[in-house]
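Data block below; observations after.
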Amino acid sequence: MQYDLPAALTVECDGPIRTVVLNRPAESNAVDAPLHWALANVWRQLAADREARVVILTGAGRAFSAGGDLDWITSFLDDPAARDESIREGAQIVEELLRFPLPVIAAVNGAAVGLGASVAVLCDVVLISERAHLADPHVAVGLVAGDGGAAFWPLLTPILRSREYLFTGDRIDAATAVQLGLATRVVPPEQLLAEARLLAERLAAQPMEALRSTKRVVNMYLSEALGGPLQAGFAAEVVTMQSAEHRDRLSALRQKAARR
């Protein structure tokens, strides 16, 4: 099957397994407009691939995804149409992942930040490298963690624990992520893709309809619980995107990045 996607997201086909790769390694797979669009639209293409049975999601290079690309996010300050489109696509990413019928294994090979963390945690199984970490720093840049973190993390981990990390944006190392319920298990970095592949082969050999229906039932709980909080989160994120505090924090971040 031919996939209609930008170069920032690739799909590798090997028998019944599809490996989806966030492919901006020089930018730590930071999400820009083409990659954001691809993350919203790849799932229906995968679902239409009749030979696919399991998906592995990982990042090229050292990172899984460093979150939103600073230049792209900064463009929203003066382009409300692009901002609103990013919010619409953000909701689509979450909805499509929850609706997607095949099992998805995240192979978190490095930093998974912001939207990167949300996408990883929304996968069915999260294998995380010993060298990787999760973080949701939305609040630190003056934004509501609306694209999944504030709505989704409390379903998986004790609210008292998720609050601290969402409020501060602190890194969650691999072992702590497993302890909190934000990852399935820690894997040595050199074994990560092999472990993901081994699990994918096991799942591909399972009775297909039983596996798909089991995933659908499990995700019903998540979809029902997420309905209100996710809508409220995206609406609140739009408001904070227009704040002076967000503009100031973003400007400071860009200046810091430019000095590196």
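The values are calculated or read from the model by the stated rules, or taken from the named source; none is laboratory data. Computed from a predicted structure; not experimentally measured. As a convention, Cβ positions derive from the backbone with ideal geometry for all residues, glycine included, and neighbour counts pool all protein chains shown. With ligands, DNA and RNA removed, areas are computed over all heavy atoms of the protein, side chains included. Shrake-Rupley method; radii C 1.70, N 1.55, O 1.52, S 1.80 Å.
For the reader, a short list of remarks on this structure follows.
- Residues in region 190-224 that a label on Leu156 would reach, taking backbone N under 13 Å of a point 7 Å out along Cα→Cβ: 222
- Unit charges at the beta carbon, dipole of the chain: most positive-side option, Gly233, Ala40, Gly15: Gly15
- Using θ = phi - 60° and Karplus 6.51 cos²θ - 1.76 cosθ + 1.60, couplings along region 82-89 (whole Hz; Gly, Pro as x): 5, 4, 5, 5, 5, 5, 4, 5
- Site pair Ser213 and Arg163 shows an inter-label distance of 4.1 nm when each label is modelled 7 Å from Cα along Cα→Cβ.
- When all protein chains stay in place and ligands, DNA and RNA are ignored, the 1.4 Å accessible-area order of Glu164, Glu195, largest first, is Glu164, Glu195.
- Using only side-chain charges placed at the Cβ, +1 for Lys and Arg and -1 for Asp and Glu, the dipole size of region 182-260 relative to its Cα centre rounds to 340 debye.
- Accessible area of the chain belonging to carbon and sulfur atoms, whole % at 1.4 Å probe: 54
- Arg99 sits among other residues whose Cβ lies under 14 Å from its own Cβ, and their net charge, with Lys and Arg +1 and Asp and Glu -1, is 0.
- Put the Cα centre of region 1-40 next to the Cα centre of region 82-153 and the gap is 15 Å.
- Using only the C-alpha atoms, the convex hull of region 1-44 corresponds to 71 Å³ per residue.
- Excluding ligands, DNA and RNA, the accessible surface per residue across region 79-193 is 38 Å² with a 1.4 Å probe.
- Sorted largest first, extent of region 34-119 alpha carbons per principal axis (Å): 43, 28, 17
- Cα pair distances in region 1-83, grouped into 5 Å bins until the bin that holds the longest one, percent each: 3, 15, 24, 21, 16, 12, 6, 3, 1, 0
- The percentage of C-alpha pairs in the chain whose separation is greater than 22 Å is 53%.
- Amide hydrogen proximity for Leu57: with H placed 1.01 Å from N in the peptide plane, the residues at 5 or more positions away or on another chain lying under 5 Å are Val20, Ile105, Ala106, Ala107.
- Estimated inter-spin distance, Asp4 and Ala258, nm [label 7 Å along Cα→Cβ]: 3.9
- Helix content alone sets the calculated 222 nm mean residue ellipticity of the chain: runs of n ≥ 4 DSSP H residues at -39500 (n - 2.57) each, divided across all residues, give -17000 deg cm²/dmol.
- Dipole size of the chain about its Cα centre, with +1 on Lys/Arg Cβ and -1 on Asp/Glu Cβ: approximately 440 debye, rounded to the nearest 20.
- Ranked by solvent-accessible area (1.4 Å probe, protein heavy atoms only, all chains present), the residues Met241, Met208 order from largest to smallest as Met208, Met241.
- Per-residue Karplus couplings for region 134-142, computed as 6.51 cos²θ - 1.76 cosθ + 1.60 with θ equal to phi - 60°, are listed in order as 10, 6, 10, x, 3, 4, 5, 10, x Hz, Gly and Pro entered as x.
- Fraction of the pair-distance distribution of region 38-88 above 13 Å, Cα-Cα pairs, percent: 72
- Signed unit charges on C-beta, dipole axis of region 10-146, positive-most listed residue Ile87, Leu127, Phe64: Leu127
- Restriction of the trypsin sites (Lys or Arg not before Pro) in region 1-54 to DSSP coil positions whose beta-carbon has at most 12 other beta-carbons within 10 angstrom yields Arg50.
- Across region 150-157, computed HN-Hα scalar couplings (Karplus, 6.51 cos²θ - 1.76 cosθ + 1.60, θ = phi - 60°) run 5, 7, 9, 4, x, 7, 10, 9 Hz from first to last residue, x flagging Gly and Pro.
- Distance between the pseudo-spin-label points of Arg62 and Asp78 (7 Å out from Cα toward the beta carbon): 3.2 nm.
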